[in-house]
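The values are calculated or read from the model by the stated rules, or taken from the named source; none is laboratory data. Only a predicted model underlies this, so the values are computations on that prediction, with no experimental measurement involved. All Cβ positions, glycine included, derive from the backbone under ideal geometry; neighbour counts span all protein chains shown.
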Amino acid sequence: MIPKTFREVIDLGDGREISIETGKLAKQAHGSVVVQSGKCMLLCTVVSNYEQKDLPFLPLTVDYREKFAAAGRYPGGFFKREARPSDGEVLTMRLVDRVLRPLFPKDYTAETQVMIQLMSHDDDVMPEAMAGLAASAAIQLSDFPFECAISEARVGRVNGEFVINPTRAQLLESDIEMMIGASADSVMMVEGEMDEISEEDMIEAIKFAHEAIKLQIEAQHRLADAFGRKEVREYDRAPANEDLAKQVHDMAYDKVYAVAKAGSSKKERTEAFANIKEEVKASFSEEELEAHGDLVSDYYRKAEKAAVRDLTLNEGLRLDGRKTDEIRPIWCEIDYLPSVHGSAIFTRGETQALATVTLGTSRDANQIDMPSQEGEERFYLHYNFPPFCTGEARPIRGTSRREVGHGNLAQRALKGMVPDECPYTVRVVSEVLESNGSSSMATVCAGTMALMDAGVQLKKPVSGIAMGLISDGDSGKYAVLSDILGDEDHLGDMDFKVTGTADGITACQMDIKVKGLSYEILVNALKQARDGRLHILEKLTDTIAQPNADVKAYAPKMVTRRIPNEFIGAMIGPGGKVIQELQKETGTTIVINEDPVTEEGIIEILGTDQEGIDKVLAKIDSVLFKPQVGSVYEVKVIKMLDFGAVVEYMDAPGNEVLLHVSELAWERTENVSDVVNMGDVFDVKYFGLDKRTRKEKVSRKAIMPKPEGFVERPPRDSRDSRDNNRSGGRDNRGSRDNRGRDDRRDDRKPREDKKDD
């Protein structure tokens, strides 16, 4: 029996559309949809258990995977099976998770899974732009307690025109690439990179994407209505006790307010807040705590949050005593590590990042092997966040999703400033050593200085800042916080990070937690962020104003040469023998690639010793050497033969030619050693290919004056020579042969006469 399906279509313009379908696949899931655009198809399923977990948070898992079969490819590696998610898949998971998670009730703790799979790929469709739409559409078909439908869209700007969900080819021409997540009435998430755009341009891009998202949300509602909406499930809700909440608030609020106003350090403040909490709990009996202990802790957290927010809104003061637009003290240092190619320390308040730069060849590029994208990155950044940076001891289980996301943000902030002509593959690694505030923005700042210290010729230095927002919807009050602390990140209404040069924004990441945030507030926040970025940028350029003119003495130098494709084989040699011996002899790393556009070979030479690099360049010149007919070249005798000398071109070592004995001197030469010896250096004239021998011909005597009285032997006429050889040889031999034949002929005559008779 063919199942009944339900389908809705969203028009993207330009003949493109997105369809959402349900009813055919994965019907045992609590909600499932297939989202399709072109040949690209995503299957999204959602399931949430009916048992609540005893946890203070929602155990939500968002999983996005791309199946290699979707692109008609095999997984790379030894085991031909999809394994751990790639960084690209992890980044898509984070984009979806950040929008979905705030829309579940705070007291909902059932284990929930959202699984999105790329089942069919289209080169002209970037699937991650539809992942948020697929997740929300599937949830709308379920019975989950979920606040409202959302969607996500990518926005680009090509030739001044905004484009929704641009193709990868369009993105190459775009100066904006942002992912926007929103509900029908509120923008919730922004992440992307830009080509030094203004704050106003960024706001216009967000508005444009939001309008497209509203259409996608309407399609979800139509699909859910046609399919039949399910009644929202009941679950064990957290108990509420208004009297207890007021009691805890009255006991804690003023004390927390006083501690917050004191402007103490993180450690002192944390201890003081912990003491207040213990005092509050001590005012209750053991029986009361056993019955309502969790509520007491929860109400204390709410009182603490309210006190800190009110301090900022009422007095413009913050937890560490700063004003709302004040940046913490900054100190920087470059060239800290003596043996790396580039290094820098950036410290802002209680946040510190140590960045290193390593320079390599194209062989060191980061390979991207996903069904939806293949290629390589010649600039990439890795971010490490060890537990000690927050004073914790916890297990280390590989690279976390957070580390992947923060590293990607910093990479996007910096990569546009690395010039295209940079010959190196560049890897930046940020080690976060302290964290109380945005370590990803500290990574951007440390990375900028480390790149400049390494001699990478950045177009412009980049700085970054993390901003916060506290607002009161009833009174209309709001405060934008520059350079937020970790605590302010949790208690605020918006956390946004902005990076850029003095001329514009290069990357951003926003998580907006308050509904209906006005664009006016967002513009003001971005302008205050710009002032903070420029302040931090000044600190960076005070430390290192310009990139170092060259790489460090112990760092490898990179030289690139291009050669015609037909010479690549000569450079590599049979089985790689030539290039391997050359690398061993010169202490360099040599990489040869082919440029399919120019049909040339690109030779990368990486080495710390200039003499070794020069030897490789000389070898390339030798391989490319082509003597010109009529030109004179300096040569050296490298081998003596009976019939001449083998000479090597001084300008092209390894290129040899035979100097015949007859071309040594005008006088007749009996022995080659009478004229030249091993190691002799002299000039010869090049005549090209000899017509008779079909070998290259050079002559020493051709550039020497003829001896006085020298009479040159007249050249033989080739035709006469052949005639003489033919007639003379046969006549001489024939005189004997003919005589023999005549004698025999005479002997035969009587027999012939007898035969006639």
Exactly one of Glu200, Glu234, Glu218, Glu152 is over 22 Å from Met115 (Cβ atoms) and modelled with pLDDT of 95 or more, and that residue is Glu218
Condition (residue is buried (at least 20 other Cβ atoms within 10 Å of the Cβ), in contact (Cβ under 8 Å) with a residue 12 or more places away in the chain, touching a strand residue (DSSP E or B) at 6+ places or on another chain (Cβ under 6 Å) and not hydroxyl-bearing (Ser, Thr, Tyr)) applied to region 48-63: is it met by at least one residue? yes
The lone condition Asp143 fails out of (1) outside any strand (DSSP E or B); (2) of a type in the set (D, E, K, R); (3) touching a residue at least 60 places away in the same chain (Cβ under 8 Å); (4) over 30 Å from Lys53 (Cα atoms) is (4)
Every residue from region 658-709 that is of a type in the set (Val, Ile, Thr) and either touching a helix residue (DSSP H, G or I) at 6+ places or on another chain (Cβ under 9 Å) or closer than 21 Å to Lys626 by Cβ (or both): Val661, Thr669, Val672, Val675, Val684, Thr693, Val698, Ile703
Against the condition closer than 26 Å to Asp11 by Cα and touching a Leu at 6+ places or on another chain (Cβ under 9 Å), how does Asp123 come out, does it pass? no
For Phe567, indicate whether it is under 26 Å from Gly688 (Cα atoms) and loosely packed, with under 13 Cβ neighbours inside 10 Å. no
Checking the structure you have, find out if any residue of region 233-251 is surrounded by fewer than 16 Cβ atoms within 10 Å (Cβ to Cβ), within 49 Å of the chain's Cα centre (by Cα), under 30 Å from Gln36 (Cβ atoms) and of a type in the set (D, E, K, R). yes
Would region 83-103 turn up any residue that is in contact with a His (Cβ under 7 Å, 6 or more places away or on another chain) and either modelled with pLDDT of 95 or more or among the aromatic types (Phe, Trp, Tyr) (or both)? no
Test of understanding: among Asp487, Asp511, Asp495, which residue is touching a residue at least 60 places away in the same chain (Cβ under 8 Å), charged (D, E, K, R) and in a strand (DSSP E or B)? Asp511
Out of curiosity, is Asn165 more than 17 Å from Glu89 (Cα to Cα), of a type in the set (S, T, N, Q) and under 22 Å from the mean Cα position of the chain (by Cα)? yes
Can you tell me which residues in region 379-420 are among the polar types (S, T, N, Q) and modelled with pLDDT of 95 or more? Asn384, Asn408, Gln411
Pairs where the first residue, in region 640-653, is modelled with pLDDT of 90 or more and the second is hydroxyl-bearing (Ser, Thr, Tyr), C-beta under 7 Å, 6+ apart: Met640/Ser673
Enumeration of residues in region 423-470 that are assigned to a loop (DSSP other than H, G, I, E, B) and polar (S, T, N, Q): Ser435, Asn436, Ser438, Gln457
Take the residues of region 575-607 that are part of a strand (DSSP E or B) and acidic (Asp, Glu): which is surrounded by the most Cβ atoms within 10 Å (Cβ to Cβ)? Glu604
Residue match in region 220-241 (condition: among the acidic types (Asp, Glu) and touching a helix residue (DSSP H, G or I) at 6+ places or on another chain (Cβ under 8 Å)): no
Consider Lys4 carefully, then state whether it is touching a Pro at 6+ places or on another chain (Cβ under 8 Å) and either modelled with pLDDT under 95 or of a type outside the set (S, T, N, Q) (or both). no
List the pairs whose first member sits in region 516-543 and is under 20 Å from Phe208 (Cβ atoms), whose second member is among the hydroxyl-bearing types (Ser, Thr, Tyr), and whose Cβ atoms are under 8 Å apart, counting only residues at least 6 apart or on separate chains? Gly516/Ser186; Leu517/Ser186; Leu517/Ser471; Ile521/Ser471; Ile521/Tyr478
Of (1) under 20 Å from the mean Cα position of the chain (by Cα); (2) modelled with pLDDT of 95 or more, Asn366 fails just (2)
Filtered residues of region 624-655 (kept if surrounded by fewer than 18 Cβ atoms within 10 Å (Cβ to Cβ) and under 21 Å from Ile568 (Cβ atoms)): Leu624, Phe625, Lys626, Pro653, Gly654
Could you list all residues from region 308-336 that are farther than 20 Å from Ala353 by Cα, touching a residue at least 12 places away in the same chain (Cβ under 8 Å) and outside any loop (DSSP other than H, G, I, E, B)? Val308, Arg309, Asp310, Leu311, Thr312, Leu313, Glu315, Leu317
Could you say which residue among Met202, Met189 is at negative phi, in a strand (DSSP E or B), buried (at least 21 other Cβ atoms within 10 Å of the Cβ) and not assigned by TED's automatic domain parsing to the domain that holds Gly416? Met189
Those residues of region 25-72 that are under 13 Å from Leu141 (Cβ atoms) and in contact with a helix residue (DSSP H, G or I) (Cβ under 7 Å, 6 or more places away or on another chain) come to a total of 7
Restrict the check to region 171-178 and report whether at least one residue is touching a helix residue (DSSP H, G or I) at 6+ places or on another chain (Cβ under 9 Å), among the charged types (D, E, K, R), crowded, with 17+ Cβ neighbours inside 10 Å and touching a residue at least 60 places away in the same chain (Cβ under 8 Å). no
Of all residues in region 49-106, which are within 18 Å of His121 (Cα to Cα), aromatic (Phe, Trp, Tyr) and assigned to a loop (DSSP other than H, G, I, E, B)? Tyr74
Working only within region 357-387, note down all residues that are surrounded by fewer than 17 Cβ atoms within 10 Å (Cβ to Cβ), out of contact with any strand residue (DSSP E or B) (no Cβ under 6 Å at 6 or more places or on another chain) and in contact (Cβ under 8 Å) with a residue 40 or more places away in the chain. Asp369, Pro386
Within region 522-577, track down each residue that is aliphatic (A, V, I, L, M) and under 30 Å from Ala479 (Cβ atoms). Leu522, Val523, Ala525, Leu526, Ala529, Leu534, Ile536, Leu537, Leu540
Some residue of region 217-228 being more than 20 Å from Ser32 (Cβ to Cβ) and touching a Ser or Thr at 6+ places or on another chain (Cβ under 7 Å): no
For the condition β-branched (Val, Ile, Thr) and more than 30 Å from Gly23 (Cα to Cα), what is the one hit in Val125, Val190? Val190
Matching residues, region 610-656, being in a loop (DSSP other than H, G, I, E, B) and farther than 28 Å from Thr588 by Cβ: Gln628, Val629, Gly630, Ser631, Asp642, Phe643
